[in-house]
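Below: one structure, written as structure tokens.
The values are calculated or read from the model by the stated rules, or taken from the named source; none is laboratory data. Every value quoted in this text rests on a predicted model; they were computed, and no experiment measured them. Cβ: placed from backbone, ideal geometry, glycine included. Neighbour counts: every protein chain shown.
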Amino acid sequence: MDDTIEKSFLASLEMTRFKGFLQDHHYISNQYIFVAQLINLILKWYCSKTKKQHLVSVYFERLENYCRKFYALNIKIFNWNSVNSVQKYNQKPDLKIWLKNPLSILAENAGGGILLEGARIIELIPSGKQPSSEYDSVFDASCHVILPGLINLHHHFYQTLTRVYPQALNKELFPWLKTLYPLWAGITPEALRMATRLALAELLLSGCTTASDQHYVFPAGLENAIDLQVEEAQILGIRMVLCRGSMDRSEKDGGLPPDSVVQTCDEILADSERLIQQYHNPEEGAMTQIALAPCSPFSVSETVMRESAKLAEKNNVLLHTHLAETEDENSFCLETIGCRPLDYLEQVGWLNNKTWLAHGIHFTDEEIQKLAAAKTGISHCPSSNMVLSSGVCRVMDLEKAGVHVGLGVDGSASNDSSNLMQEVRQAFLLQRLQHGSKVTHLDALRWATEGGANVLRRPELGRIAEGMQADLALFKLDELRFSGNGDPLAALVICGAHQADRVMVAGKWIVEDGQILGLDLEQLQAQHYREAKRLQEK
Ligand SMILES: [Zn+2]
């Protein structure tokens with residue numbers, strides 16, 4: 001019976017979509033919205049009548065997802081009364097929009113703003129000039145500082161469920177992990193869905209337009225973790241590199257994690273291959289990509305490392321892992337493998353331009369040269385490194401040697417926040433402390449934009465220039481902390497911007513007036529909190 005209800009529900013929803021209609025028209029008329037509301041009410045009534053209360057939430061979850069998908073087509077159906085007020089420029093993908101006269105912009109000779117067409121930036125306009133071609137609409141950016149959309153290179157979304165977990169507080173990496181693994185073994189698909197949605201919302205609101213997540217915990221029942229993450233990212237409209245994490249070396253094999261969170265090598269490789277075939281888009285401007293991401297030397301067997309590298313090579317996808325994060329890791333590698341972490345990486349076929357490494361702190365001069373020669377990228381995660389007192393990444397030395405460096409907020413349980421704009425400030429402050437005034441706010445902004453794009457091998461991202469993807473983060477400087485500033489770009493970093501006013505991904509506004517379109521943050525927070533408590537009290 002449940003199946004029948006579900007099918008009829010989905011069929012009814014299909015009706016409201018009016019295939020092809022959404023792409024061809026500028027709005028959904030009130031009649032269609034009325035149909036959706038009616039279905040909604042009938043379902044509610046049916047579920048309460050048949051005492052199938054538990055179904056209500058499932059159906060509404062689905063309804064919500066459909067609504068968000070409509071949003072991906074820029075149709076505001078959540079706000080029933082204002083559907084006709086959808087701004088015209090946000091509807092047709094091929095319209096030309098002029099983001100006019102920004103307060104400041106991180107681009108050369110673009111004081112007059114930028115002209116966008118569909119998903120691309122097509123012209124940079126000098127101060128006082130007009131676009132050289134016709135345009136359909138103008139967005140007045142005179143109160144906004146425009147940055148290329150920020151790129152996050154390292155995260156573990158599921159960890160938002162165990163932020164500042166009391167028993168793990170004030171611990172360094174290994175004991176911190178050992179405290180949290182048993183909790184993470186209890187993560188359900190619903191909990192991961194909420195964690196993913198929440199982390200993506202945090203990232204978007206901080207100006208991030210390309211996110212990556214390394215999910216490596218696969219307890220029984222969570223086999224489709226990456227699938228549901230893909231779904232969440234696509235619904236929200238953020239660009240995403242999903243790193244299929246893995247662990248197969250549990251305590252019984254001398255590893256760190258318990259048996260309940262690891263998988264076998266065969267399971268890992270089969271699922272990795274499936275995900276690449278199903279979701280990886282190698283095209284320029286891709287919204288969804290897959291990378292292979294065994295967790296770390298202390299939780300993954302040599303076989304998984306080697307085979308993942310072969311699989312990545314075969315399918316031309318990237319590789320990602322944690323490396324050189326702590327001195328503990330160096331000792332572990334020397335004791336169990338007989339070499340330092342980077343030597344191990346080389347032995348298992350990972351030292352190449354397809355790999356990027358989270359943290360990359362404890363490298364010698366010689367190892368930095370090796371990384372540069374191999375063109376292996378680094379994700380600097382300053383907050384996490386400071387919280388876990390892991391050390392300071394040698395960002396300036398790495399860049400000087402020619403290594404691409406970007407930024408990552410890292411998992412929420414070690415950073416306890418997924419705010420990438422704040423991470424730009426952290427990176428600036430930490431490197432300034434190490435290297436003095438030769439480190440500027442522009443360096444930190446470069447790491448979070450162009451640096452990240454270089455690491456991900458995405459030349460169409462990370463810069464505001466002709467032909468680049470229209471991924472943008474617009475910040476206002478109307479808070480107390482910015483008052484009196486003399487340099488809007490520097491103010492973002494040094495005064496501590498933390499929330500974007502508008503965010504655009506591939507030419508579509510995802511955030512407007514500090515709100516993610518179509519997402520009820522209050523409801524999300526309540527759902528996420530409930531899942532986090534359930535997990536922590538298990
Ligand atoms: Zn991490």
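Rundown of residues vs (1) surrounded by fewer than 21 Cβ atoms within 10 Å (Cβ to Cβ); (2) within 15 Å of the ligand (Cβ to nearest atom); (3) within 20 Å of the chain's Cα centre (by Cα), yes/no style:
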{"position": "GLN289", "(1), (2), (3)": "no, no, yes"}
{"position": "GLU307", "(1), (2), (3)": "yes, no, no"}
{"position": "CYS333", "(1), (2), (3)": "no, no, no"}
{"position": "PRO341", "(1), (2), (3)": "no, yes, no"}
{"position": "GLU346", "(1), (2), (3)": "yes, no, no"}
{"position": "TRP350", "(1), (2), (3)": "no, no, no"}
{"position": "LEU371", "(1), (2), (3)": "no, no, no"}
{"position": "ALA374", "(1), (2), (3)": "yes, no, no"}
{"position": "HIS380", "(1), (2), (3)": "no, yes, yes"}
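Here the strands (runs of 3 or more DSSP E) wholly within region 117-228 that include at least 2 residues being over 18 Å from the mean Cα position of the chain (by Cα) are 120-125, 137-140, 144-148. Against the numbered list (1) more than 22 Å from CYS208 (Cβ to Cβ); (2) of a type outside the set (Ser, Thr, Tyr); (3) within 16 Å of the ligand (Cβ to nearest atom); (4) in contact (Cβ under 8 Å) with a residue 60 or more places away in the chain, VAL300 comes up short only at (4).
Per-residue answers, yes or no, for (1) at negative phi; (2) touching a Pro at 6+ places or on another chain (Cβ under 9 Å):
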| residue | (1), (2) |
| --- | --- |
| GLU307 | yes, no |
| THR326 | yes, no |
| PHE332 | yes, yes |
| GLY338 | no, no |
| PRO341 | yes, yes |
| LYS354 | yes, no |
| ILE368 | yes, no |
| LEU371 | yes, no |
| ASN385 | yes, no |
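Among the residues of region 309-328, those that are in contact with a helix residue (DSSP H, G or I) (Cβ under 6 Å, 6 or more places away or on another chain) and within 13 Å of the ligand (Cβ to nearest atom) comprise LEU323, ALA324, THR326. What is the one condition in (1) more than 24 Å from PHE298 (Cα to Cα); (2) of a type in the set (A, V, I, L, M); (3) at pLDDT 95 or above that LEU242 does not satisfy? Result: LEU242 fails condition (1) only. A single entry from LEU292, LEU269 fulfils the requirement of being within 26 Å of GLN347 (Cβ to Cβ), touching a Ser or Thr at 6+ places or on another chain (Cβ under 8 Å) and part of a helix (DSSP H, G or I): LEU269. Where helices (runs of 4 or more DSSP H) fall entirely within region 392-444, those with at least 1 residues that are away from the ligand (no atom under 14 Å from the Cβ) and over 19 Å from GLY462 (Cβ atoms) are at 395-401, 420-435. Looking at region 153-179, I want the residues that are under 16 Å from GLN229 (Cβ atoms) and in contact (Cβ under 8 Å) with a residue 60 or more places away in the chain and have a partner that is within 15 Å of the ligand (Cβ to nearest atom) and charged (D, E, K, R) with Cβ atoms under 8 Å, at least 6 apart or on another chain. Which pairs are those? From region 153-179, the pairs are HIS154/ASP410; HIS155/ASP213; HIS155/ASP410; HIS156/ASP213; HIS156/ASP410; PHE157/ASP213. With respect to the conditions (1) within 16 Å of the ligand (Cβ to nearest atom); (2) more than 22 Å from the chain's Cα centre (by Cα); (3) in a helix (DSSP H, G or I); (4) surrounded by fewer than 19 Cβ atoms within 10 Å (Cβ to Cβ), SER389 falls short on a single one, namely (3).
Does ILE361 meet the test of being buried (at least 24 other Cβ atoms within 10 Å of the Cβ), at pLDDT 95 or above and within 14 Å of the ligand (Cβ to nearest atom)? Considered against the rule, which asks whether it is buried (at least 24 other Cβ atoms within 10 Å of the Cβ), at pLDDT 95 or above and within 14 Å of the ligand (Cβ to nearest atom), ILE361 comes out as no.
For the residues LYS314, LYS354, the requirement of being more than 22 Å from the chain's Cα centre (by Cα) and within 20 Å of SER272 (Cα to Cα) singles out LYS314. If the condition is being surrounded by fewer than 16 Cβ atoms within 10 Å (Cβ to Cβ) and more than 16 Å from the ligand (Cβ to nearest atom), then region 139-174 contributes ASP140, SER142, CYS143, VAL164, PRO166, GLN167, LEU169, ASN170.
Only a single criterion out of (1) in contact with a Leu (Cβ under 9 Å, 6 or more places away or on another chain); (2) modelled with pLDDT under 95; (3) in a helix (DSSP H, G or I) is not satisfied by LYS252, namely (1). Among the residues of this structure, ARG394 counts as one that is over 25 Å from MET240 (Cβ atoms), more than 21 Å from the chain's Cα centre (by Cα) and crowded, with 23+ Cβ neighbours inside 10 Å.
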